[in-house]
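Working notes, structure below.
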Amino acid sequence: MILHLLASILIIITVFYLAFFVFIPIGRGAVFSPSLESHAKRMAELAAVSWGDRAVDLGSGDGRVVIALARRGAESHGYEINPALVLLARWKIRRAGLAGRAHIHWGSFWRADLSSFQAVTVFQASFIMRRLEKKVLGELAEGVRVVSDYWGFPHLPLEALDGTLHIYRMGA
């Protein structure tokens, strides 16, 4: 009896995980694949944010890059379409004591206006980077720094490469 109950609970947890972390986001974005903690911290460093800057992480997942940006002094924002990840990220932000400085928005970054940000971070799949390049070219001001983990933009001139992190400066 207890074994059947435990098996049922395990099945429910597995279905919930697959539904919210894998199947719901498919077709709307990439499957959740978080940046390493070390990469999140390094991305925030390379974004070169200072106190009062506004930074955004596109497809913010569990919020680790948003938190790293806020710890460096930025008012940080993240856009995430997966509601389970939004809740997790908001919980992690509160736990880190960064409420009011770090914000997770539930929704697609495709509808977000990026023009007020001084730094952008992203870890997306290659097929998304092609389309995202058009968005950043149309919305970001000159001098804005963009840091991408693993996948680069196909045509933006690369300012530097730090391991798997691509660094761009708009208008450079």
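Note on residue 137 and residue 37: with the Förster distance fixed at 41 Å, the Cβ-Cβ geometry gives a FRET efficiency of about 0.85.
Per residue, how much accessible area does the stretch 71-171 have with a 1.4 Å probe, in Å²? Each step should come with its number before you reach the end.
Numbers: 5050 Å² over 101 residues.
With all protein chains present, the stretch 71-171 gives 50 Å² per residue.
Here the accessible area is traced with a 1.4 Å probe on the protein chains. For the stretch 95-161, carbon and sulfur cover 53 percent of it. Amide H to amide H, with H built 1.01 Å from N, residue 103 comes under 5 Å of 76, 77, 78, counting only residues 5 or more places away or on other chains. A 1.4 Å probe, protein heavy atoms only, puts the accessible area of residue 77 near 20 Å². Only the Cβ atoms of Lys and Arg (+1) and of Asp and Glu (-1) were treated as charged; on that basis the dipole of the stretch 70-135 about its Cα centre amounts to roughly 160 debye. Once both labels are positioned 7 Å from their Cα atoms along Cα-to-Cβ, the gap between residue 160 and residue 54 label points is 2.6 nm.
Distances between placed amide hydrogens fall under 5 Å for residue 53 paired with 75, all partners being 5 or more residues away or on another chain. Applying the Karplus relation 6.51 cos²θ - 1.76 cosθ + 1.60 with θ = phi - 60° to the stretch 36-41 yields 3J(HN,Hα) values of 4, 4, 5, 5, 4, 5 Hz, where x marks Gly and Pro.
Less than 5 angstrom separates the built amide H of residue 72 from none of the residues sequence-distant by 5 or more or on a different chain. Label positions at residue 127 and residue 112, each projected 7 Å from the Cα along the C-beta direction, are separated by 2.2 nm.
The values are calculated or read from the model by the stated rules, or taken from the named source; none is laboratory data. The structure presented is a predicted model; accordingly, all values stated were derived computationally and were not measured. Here the Cβ is made from the backbone with ideal geometry for all residues, glycine too, and neighbour counts use every protein chain on show. For accessibility, only protein heavy atoms count, side chains too; no ligands or nucleic acids. Shrake-Rupley method; radii C 1.70, N 1.55, O 1.52, S 1.80 Å.
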